[in-house]
Amino acid sequence: MGAIPFIPENAPFTPEQRAWLNGFLAAWLAVPETGPVSAGPPAASGVSLLVLYGSQSGNAEALAKKIGKLARARQYNARVASMESASPADLATEQQVLVVTSTWGEGEMPDNAKAFWHGLSNGSSPNLQNVRYAVLALGDKNYGDTFCLAGRQFDERLEKLGASRIHPRIDCDVDFENPAETWINEVLAKFENAAGSPAIEISNGMAEVENVNAETSIGRKNSFSAPLLANLKLNAEGSAKDVRHIEFSLENSGLYYEVGDALGVYPVNCPDFVSEILDTAGLNGEEEIELENMGRISLHTALLEHLELRPFLSALPSAKTTAAVLVEKLRPLQPRLYSISSSPKAHPGQVHLTVGAVRFEQEGKSRKGACSTFLADRLPVGNSARVFVQTSHGFRLPADGNIPVIMVGPGTGIAPFRAFLEERSATGATGKNWLFFGDQKSATDFLYREQLEGHVKSGYLHRLDIAFSRDQADKIYVQDRMRERARELWDWLQQGAHFYVCGDAKRMAKDVDSMLCQIAREQGGLSEENATDFIAVLKKEKRYQRDVY
């Protein structure tokens, strides 16, 4: 039977766009990717498997869904579920569980895993002696001792609760695809053997997933070269910051995004820094090296376009060396994720970013953020950068446009909320909108001021509370404005408002969270324990969502 054409020929799409949409819808309807843990009894002919994920930026979620598809291709009855949709009691009814989780910040659990982890670790979890499990942890070795901490904690806790580890945990660095693929096939084979089913081989591993489901192939491994349309500095003269409004064209890419998603951007490293490294090492860059999946290429090209140079920020080569020794411990160049600051409804065929250029001094030398300064300084308008869309199901506007939203986004944290406001305007949402924005100085750092004040004048942005920390002797931050508006903020929450935070995870997001708990105690008359529970309920109901970094 041929594929059903969901998008008719007279629809306002190009043939390429129509073909892609038809393929996507066919795959989506044919293979459900997620669902609650209680997704129904296992198929009689398949091995039952629950793939449970905790994800902050979307990597663990995307990987869990790929595992589910690969498992179904191997004739598993596999279900994929977010930890926020599960409880420890659910695990007691499972026989085989694969946990995929990231770690973010200073060793923290992903937001959508925190409630599940609390239930698993608070002493009330049931015995899991009938459960076989394995853990795949994602992290970043740059974080030292907290690398993959969330995965390690899940692994140890499940064992303490009586579950049987069927295969050793894998701790994956940022270039996780290849080691994860090998590990996943090993784990699935062990689950099959433990269940008494013959192992089913898939010749091309994770690559086979794309053929099984006919999905678009644009992603981390196969990005789209997007032309740069605009690069506008948002700060006025005299600012200590350099924030850029970046616009890319997505025409003919087949890429689709929703507000709340992120854009992955592959940078090109700074040529001056590459030259400094080569000079220090006594090399000219013409030496050839072997890179996986690349073959033999020049050392200069490898350093400029394919390898992470972050180790050299704090330790340039101490002596003359060879090309092979210079690169032996360098990781593949990784994309940087930026919150999308546009609505596709307001800017068809485009995607916008709000990027703060990172420049700093280290050991007396000027250093630059690889991707932020690539976008700000080294990518001319008209030239292209490799990009892909990172879906973020955990940072979404309410489906009901009548629901009010409260947004807290200082600095470049304004990015997704610019997109939210554009989306709500384009869709005719009638719910009230409230934005808390802050930065250093109102005269130089009021990002998107004209657009935001235009929303206020039109009545579409019902409240705009601003906090510029250096406009007065005592520093004022967004959480201070929240405290000043505590009564009204609490009233909005009681009316069903959704609460969003975007920006710095180490300080701002924690301070905002603490202030929200304080408001719940003072305005709601709640005890500290009940206020904590109130916040937990908001998160579970997806009324409190964060995009933090």
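The values are calculated or read from the model by the stated rules, or taken from the named source; none is laboratory data. Remember, it's a predicted structure, so these values are computed and weren't measured experimentally. FYI the Cβ positions are ideal-geometry reconstructions off the backbone, even for glycines, and counts take in every protein chain you see. In case anyone asks, the SASA skips ligands and DNA or RNA and just uses the protein heavy atoms, side chains included. Shrake-Rupley method; radii C 1.70, N 1.55, O 1.52, S 1.80 Å.
A few notes on this one:
Here's the yes/no breakdown for (1) of a type in the set (Ser, Thr, Tyr); (2) open to solvent by less than 40 Å² (accessible area, probe 1.4 Å); (3) touching a residue at least 60 places away in the same chain (Cβ under 8 Å); (4) touching a Pro at 6+ places or on another chain (Cβ under 6 Å):
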{"site": "PRO317", "(1), (2), (3), (4)": "no, yes, no, no"}
{"site": "THR322", "(1), (2), (3), (4)": "yes, no, no, no"}
{"site": "LEU326", "(1), (2), (3), (4)": "no, yes, no, no"}
{"site": "ARG331", "(1), (2), (3), (4)": "no, no, yes, no"}
{"site": "SER339", "(1), (2), (3), (4)": "yes, yes, yes, yes"}
{"site": "PRO348", "(1), (2), (3), (4)": "no, no, no, no"}
{"site": "GLY364", "(1), (2), (3), (4)": "no, no, no, no"}
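- Scanning region 129-143 for residues that are among the hydroxyl-bearing types (Ser, Thr, Tyr) and open to solvent by 50 Å² or more (accessible area, probe 1.4 Å) turns up just one, TYR143.
- Residues that are in a helix (DSSP H, G or I), within 21 Å of GLY431 (Cβ to Cβ) and of a type in the set (D, E, K, R) do occur in region 489-506.
- Against the numbered list (1) open to solvent by 50 Å² or more (accessible area, probe 1.4 Å); (2) in a helix (DSSP H, G or I), LEU375 comes up short only at (1).
- Unique residue being under 28 Å from the mean Cα position of the chain (by Cα), surrounded by fewer than 17 Cβ atoms within 10 Å (Cβ to Cβ) and either modelled with pLDDT of 95 or more or of a type outside the set (A, V, I, L, M, F, W, C) (or both) when the list is GLY503, GLY496: GLY496
- Among strands (runs of 3 or more DSSP E) entirely within region 380-479, having at least 2 residues that are touching a residue at least 12 places away in the same chain (Cβ under 8 Å) and of a type in the set (Ser, Thr, Tyr) singles out no element at all.
- Residue in region 73-128 that is surrounded by the fewest Cβ atoms within 10 Å (Cβ to Cβ), counting only those that are among the small types (Gly, Ala, Ser) and touching a strand residue (DSSP E or B) at 6+ places or on another chain (Cβ under 7 Å): ALA81
- Subset of region 49-61 (residues that are at pLDDT 90 or above and either more than 21 Å from THR93 (Cα to Cα) or of a type in the set (Gly, Ala, Ser) (or both)): GLY54, SER55, ALA60, GLU61
- Filtered residues of region 290-318 (kept if small (Gly, Ala, Ser) and in contact with a Gly (Cβ under 8 Å, 6 or more places away or on another chain)): SER298
- For region 518-534, filtering for residues that are open to solvent by 20 Å² or more (accessible area, probe 1.4 Å), out of contact with any Gly (no Cβ under 9 Å at 6 or more places or on another chain) and either in contact (Cβ under 8 Å) with a residue 24 or more places away in the chain or on the phi < 0 side of the Ramachandran plot (or both) leaves 11.
- When LYS69 is tested against (1) in a helix (DSSP H, G or I); (2) surrounded by fewer than 17 Cβ atoms within 10 Å (Cβ to Cβ), just one condition goes unmet, and that condition is (2).
- All of (1) β-branched (Val, Ile, Thr); (2) surrounded by fewer than 17 Cβ atoms within 10 Å (Cβ to Cβ); (3) within 25 Å of THR354 (Cβ to Cβ) hold for VAL537 with one exception: (3).
- Count of region 288-309 residues, restricted to those that are open to solvent by 50 Å² or more (accessible area, probe 1.4 Å) and farther than 20 Å from LEU379 by Cβ, is 6.
- One residue stands out among those in region 182-211 that are modelled with pLDDT of 90 or more and open to solvent by 50 Å² or more (accessible area, probe 1.4 Å): the one that is farthest from LEU50 (Cα to Cα), which is THR182.
- The condition (being of a type outside the set (A, V, I, L, M, F, W, C) and more than 27 Å from GLY54 (Cα to Cα)) is satisfied by just one residue among PRO410, PRO398, PRO404: PRO404.
- Filter result (touching a residue at least 40 places away in the same chain (Cβ under 8 Å) and over 23 Å from ALA262 (Cα atoms)) within region 491-517: TRP492, LEU493, GLN495, GLY496, ALA497
Per-residue answers, yes or no, for (1) out of contact with any helix residue (DSSP H, G or I) (no Cβ under 6 Å at 6 or more places or on another chain); (2) touching a residue at least 24 places away in the same chain (Cβ under 8 Å):
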residue: MET109; (1), (2): no, yes
residue: TRP117; (1), (2): yes, yes
residue: CYS148; (1), (2): yes, yes
residue: GLU159; (1), (2): yes, no
residue: ILE166; (1), (2): no, yes
residue: ILE170; (1), (2): no, yes
residue: ASP175; (1), (2): yes, yes
residue: PRO179; (1), (2): yes, no
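- Single residue of region 132-146 satisfying the filter (at pLDDT 95 or above and touching an Asp or Glu at 6+ places or on another chain (Cβ under 7 Å)) that is nearest to ILE184 (Cα to Cα): VAL135
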